[in-house]
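*Asks:* Structure incoming, see below.
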Amino acid sequence: PQTREYNFTVEMVQGAPDGVSRTMLVVNGMYPGPTIEVNQADRLVVNVQNNLPNTTSIHWHGLFQNGTNWYDGTSGITECGIPPGQSLTYNFTLGEFSGTTWWHAHFSTQYTDGITGPLIVHPTAPSPPGLPQWDEELVVHMADWYHDLSADLLDAYLSPFGIDGTQGDEPVPDGGMLNGLGQYFAAGTGGSYFNFTLQRNKTYRLRLINSGSFASVRFSVDGHPLTLIEADGTLISPTPLAGITLAVAQRYSVLLHANATGSPNSTYWMRAAVQSDMFTYDQPGQNLDIRGIIRYDDASPSGLPGDPASADPGSGAQGLQDVDGTTALVPLVADPAPNFTVAFPIVFDFQNTDDGRFLGFINSSSWEPLKGQSTLLAVLGSPSGYAPVGSSVATGDQLIATVDSIQVVDIRVDNLDDGDHPFHLHGHRPWIMGAGAGRYIGQSLNVTNPLRRDTILIPAYSWMVLRFVTDNPGLWAFHCHLAWHMAAGLLMQFNSLPSTLAGMDVPADIVAQCKAAK
Ligand code: C2O
């Protein structure tokens, strides 16, 4: 094991990753930010200097933070946020997670403006039988993209008038990014393409990340069938497919064998097709395919692939289907769920408030972060003089489910909304025990080989049962990962093992940060 140390400076810059200049919030002047690459047994130390005029915090999506809940990076929950001009050092071991993930700001909608990057954790355990081999790895970091600062878009979205007078309609992306280069949707516009150079006949593991804020993206490569092997850190029984759709915050690994022929320049489009089913985009001539270029080492250095309008999955891909990432993936290694002991039913939807806003509600509670506080310190009580929040459920705007013993919890979710929502549980990789249309009324669950993943798309008007074990002390957010929806309150917390947490030492800098924020 090693200690891997990174220095992050968060700052405001001008950038034009799709050709349109805007103010961006980035780490170390880069978009995407630095790739963190570690081995599972390592310690990760990230010194974050905040040079923004606002608070920030950095979250390590999908990591368990077992024993270090205070470094989960969730503003208002596990920390108070790094004040402008100040710094915080995150320092933790990786623990249970290995695979493809990402880091991002976790303060309001800040990551939408560019504070994100890949996080790759190489496993300690040897590869299980049945996992195919590959020669090289490439990271494909994709996102929808806006031309305005997210704070301004959020104000309009949450105002009683909504955007363009329609309350509840989320900001519509202007375009998209693939490894920090992209194109925008309006007709006749430019942008640029990220280029991957591949060696003919090698096999590549492409680590796909949807780091976006709102839209799902469908990933495919012209001329190349793909083989799916990983979903959010869970190895998948190798599944051939033509393309795969990633909801916001989901990750996949696919294998690509570089043996295609037929393109005149030995170049092929890589596509991140922005799925527009969640919004209406009505400019004529729009192209919702965000593209990158695969260029074989025998290709001419400047030629472009053929017609961007005709996606072609290539020979060997005929008849291959996309697969559903919630119900159709089979784990390569069976990891059976324990029997449940406690059920926690939730319903969520969007409603108007008395003051005319339109917010997300989970069990009648819409989250707003405690001002200048963190739930972690509030639950612990005194280190900085806060009163403990109620022992079980809602206190003010906080829906907090507290379990002070090791239990197996079934979150029984009813989505009463007309949209699909990618929910993420911090600190865990829950089992997807069942899902279907309508309400949960005790339908039978999949106990044989359920998939575990940390970000799960819950379709409109459907139910889902997610199972996890409360063996990780701390405050764990469970929220819709659409940036606009989290900011609109679609978030609750699980407070696991508070008595154990009370016996642990919260680092002095986490406590001091809350005192400074107060
Ligand atoms: Cu990707 Cu609450 O996090």
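The values are calculated or read from the model by the stated rules, or taken from the named source; none is laboratory data. These numbers were taken from a predicted model, which means no experiment stands behind them. Cβ coordinates were reconstructed from backbone atoms using ideal geometry, including for glycine residues, and neighbour counts include every protein chain displayed.
*Asks:* In the range 98-108, how many are away from the ligand (no atom under 12 Å from the Cβ) and either crowded, with 24+ Cβ neighbours inside 10 Å or in a strand (DSSP E or B) (or both)?
*Replies:* Of the residues in the range 98-108, 2 are away from the ligand (no atom under 12 Å from the Cβ) and either crowded, with 24+ Cβ neighbours inside 10 Å or in a strand (DSSP E or B) (or both).
*Asks:* Then there is this: In this structure, does residue 460 turn out to be away from the ligand (no atom under 16 Å from the Cβ), small (Gly, Ala, Ser) and touching an Asp or Glu at 6+ places or on another chain (Cβ under 8 Å)?
*Replies:* Considered against the rule, which asks whether it is away from the ligand (no atom under 16 Å from the Cβ), small (Gly, Ala, Ser) and touching an Asp or Glu at 6+ places or on another chain (Cβ under 8 Å), residue 460 comes out as yes.
*Asks:* Here is a follow-up. Please state which one of 54, 66, 47 is part of a strand (DSSP E or B) and either modelled with pLDDT of 95 or more or surrounded by fewer than 18 Cβ atoms within 10 Å (Cβ to Cβ) (or both).
*Replies:* The unique qualifying residue is 47.
*Asks:* Those residues that are part of a strand (DSSP E or B) and either closer than 20 Å to residue 320 by Cα or of a type in the set (A, V, I, L, M) (or both), I need them from the range 214-234; list them, please. If you could, list the steps in order and put the result at the bottom.
*Replies:* From the range 214-234, those part of a strand (DSSP E or B) are 217-221, 224, 226-231, 234; that's our starting set.
Those that are part of a strand (DSSP E or B) and either closer than 20 Å to residue 320 by Cα or of a type in the set (A, V, I, L, M) (or both): 217, 218, 219, 220, 221, 224, 226, 227, 228, 229, 230, 231.
*Asks:* Quick one: in the range 109-120, which of the residues that are within 14 Å of residue 149 (Cα to Cα) and not small (Gly, Ala, Ser) is nearest to the ligand (Cβ to nearest atom)?
*Replies:* Within the range 109-120, the match that is nearest to the ligand (Cβ to nearest atom) is 111.
*Asks:* I'm told residue 444 meets every condition in (1) without any contact (Cβ under 8 Å) to a residue 12 or more places away in the chain; (2) within 16 Å of the ligand (Cβ to nearest atom); (3) among the polar types (S, T, N, Q) except one. Can you identify the failing condition by its number?
*Replies:* For residue 444, the exception is condition (2).
*Asks:* Can residue 464 be described as at negative phi, more than 17 Å from the chain's Cα centre (by Cα) and touching a residue at least 12 places away in the same chain (Cβ under 8 Å)?
*Replies:* For residue 464, the condition - at negative phi, more than 17 Å from the chain's Cα centre (by Cα) and touching a residue at least 12 places away in the same chain (Cβ under 8 Å) - is met.
*Asks:* In the range 8-30, how many are of a type in the set (Gly, Ala, Ser) and part of a strand (DSSP E or B)?
*Replies:* 1
*Asks:* If you don't mind, another one. Got at least one residue in the range 439-447 being in contact with a Leu (Cβ under 9 Å, 6 or more places away or on another chain) and within 27 Å of residue 378 (Cβ to Cβ)?
*Replies:* Among the residues of the range 439-447, not one is in contact with a Leu (Cβ under 9 Å, 6 or more places away or on another chain) and within 27 Å of residue 378 (Cβ to Cβ), which makes the answer no.
Conditions (1) within 16 Å of the ligand (Cβ to nearest atom); (2) outside any loop (DSSP other than H, G, I, E, B); (3) modelled with pLDDT under 80; (4) out of contact with any Leu (no Cβ under 8 Å at 6 or more places or on another chain), marked per residue:
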| site | (1), (2), (3), (4) |
| --- | --- |
| 238 | no, yes, no, no |
| 255 | no, yes, no, no |
| 265 | no, no, no, no |
| 284 | no, no, yes, yes |
| 287 | no, no, yes, yes |
| 291 | no, yes, no, no |
| 294 | no, yes, no, no |
| 298 | no, no, no, yes |
| 311 | no, no, yes, yes |
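Every residue, every condition in (1) modelled with pLDDT under 80; (2) not hydroxyl-bearing (Ser, Thr, Tyr), yes or no:
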position: 345; (1), (2): no, yes
position: 358; (1), (2): no, yes
position: 371; (1), (2): yes, yes
position: 377; (1), (2): no, yes
position: 389; (1), (2): yes, yes
position: 399; (1), (2): no, yes
position: 402; (1), (2): no, no
position: 416; (1), (2): no, yes
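*Asks:* Now a separate question. Can you tell me which of 432, 510 is touching a strand residue (DSSP E or B) at 6+ places or on another chain (Cβ under 8 Å) and in a strand (DSSP E or B)? Steps first, please.
*Replies:* Values: 510 fails: in a strand (DSSP E or B).
After applying the criteria, what remains is 432.
*Asks:* Hey, residue 197 hits all of (1) crowded, with 17+ Cβ neighbours inside 10 Å; (2) within 18 Å of residue 293 (Cα to Cα) but one; which does it fall short on?
*Replies:* All conditions pass for residue 197, except number (1).
*Asks:* To continue, here is another question. Only one of these conditions is not met by residue 156: (1) more than 23 Å from residue 249 (Cα to Cα); (2) within 24 Å of the chain's Cα centre (by Cα); (3) outside any helix (DSSP H, G or I). Which number is it?
*Replies:* Of (1) more than 23 Å from residue 249 (Cα to Cα); (2) within 24 Å of the chain's Cα centre (by Cα); (3) outside any helix (DSSP H, G or I), only one is false for residue 156: (3).
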